[in-house]
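The values are calculated or read from the model by the stated rules, or taken from the named source; none is laboratory data. Predicted model only: the values in this text are computed from it and were never measured. Using ideal geometry, Cβ is built from the backbone for each residue, glycine included, and neighbour counts are taken over all protein chains shown. With ligands, DNA and RNA removed, areas are computed over all heavy atoms of the protein, side chains included. Shrake-Rupley method; radii C 1.70, N 1.55, O 1.52, S 1.80 Å.
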Amino acid sequence: MASQTSPAYFSVKNFDRYQHYKDRNPPWIKLHRSLLHDYHFVILPDSAKAHLILLWIVASQTGNKLPANE
């Protein structure tokens, strides 16, 4: 049986569409009001929404390369 390796990183889908700074590292991220009308975001439990926003913050600090910790 061949061993499969997991990727060392994962990334946030469409992150570049919403975070346009490529050459600097601002202390904030953009959080668009359109999320209030995004069905897939709205139906998430509140804890998952908070987790997702924290993932966006980490992605902004790591160039959208989130460590794939096990």
Quiz prompt | Failed condition for HIS40, given (1) surrounded by 10 or more Cβ atoms within 10 Å (Cβ to Cβ); (2) not in a loop (DSSP other than H, G, I, E, B) | solution = (1)
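So, LYS30, is that one within 19 Å of LEU66 (Cβ to Cβ), open to solvent by less than 100 Å² (accessible area, probe 1.4 Å) and in a helix (DSSP H, G or I) or not? If you could, list the steps in order and put the result at the bottom.
Values: within 19 Å of LEU66 (Cβ to Cβ): yes; open to solvent by less than 100 Å² (accessible area, probe 1.4 Å): yes; in a helix (DSSP H, G or I): no.
Against the criterion (within 19 Å of LEU66 (Cβ to Cβ), open to solvent by less than 100 Å² (accessible area, probe 1.4 Å) and in a helix (DSSP H, G or I)), LYS30 does not qualify.
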Quiz item: Could you give every pair whose Cβ atoms fall below 9 Å, whose first residue belongs to the stretch 41-69 and is closer than 11 Å to PHE10 by Cβ and of a type outside the set (Val, Ile, Thr), and whose second residue is in a loop (DSSP other than H, G, I, E, B) and open to solvent by less than 60 Å² (accessible area, probe 1.4 Å), counting only separations of at least 6 or pairs across chains?
Solution: LEU55/VAL12; ALA59/VAL12; ALA59/GLN19; ALA59/ILE29; ASN64/VAL12; ASN64/GLN19; LEU66/VAL12
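Before we move on, is ASN69 of a type outside the set (A, V, I, L, M, F, W, C), modelled with pLDDT under 95 and surrounded by 12 or more Cβ atoms within 10 Å (Cβ to Cβ)?
No: the conditions fail for ASN69.
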Quiz prompt | Selection from the stretch 10-19 of residues that are open to solvent by less than 90 Å² (accessible area, probe 1.4 Å) and part of a loop (DSSP other than H, G, I, E, B) | solution = SER11, VAL12, ASN14, GLN19
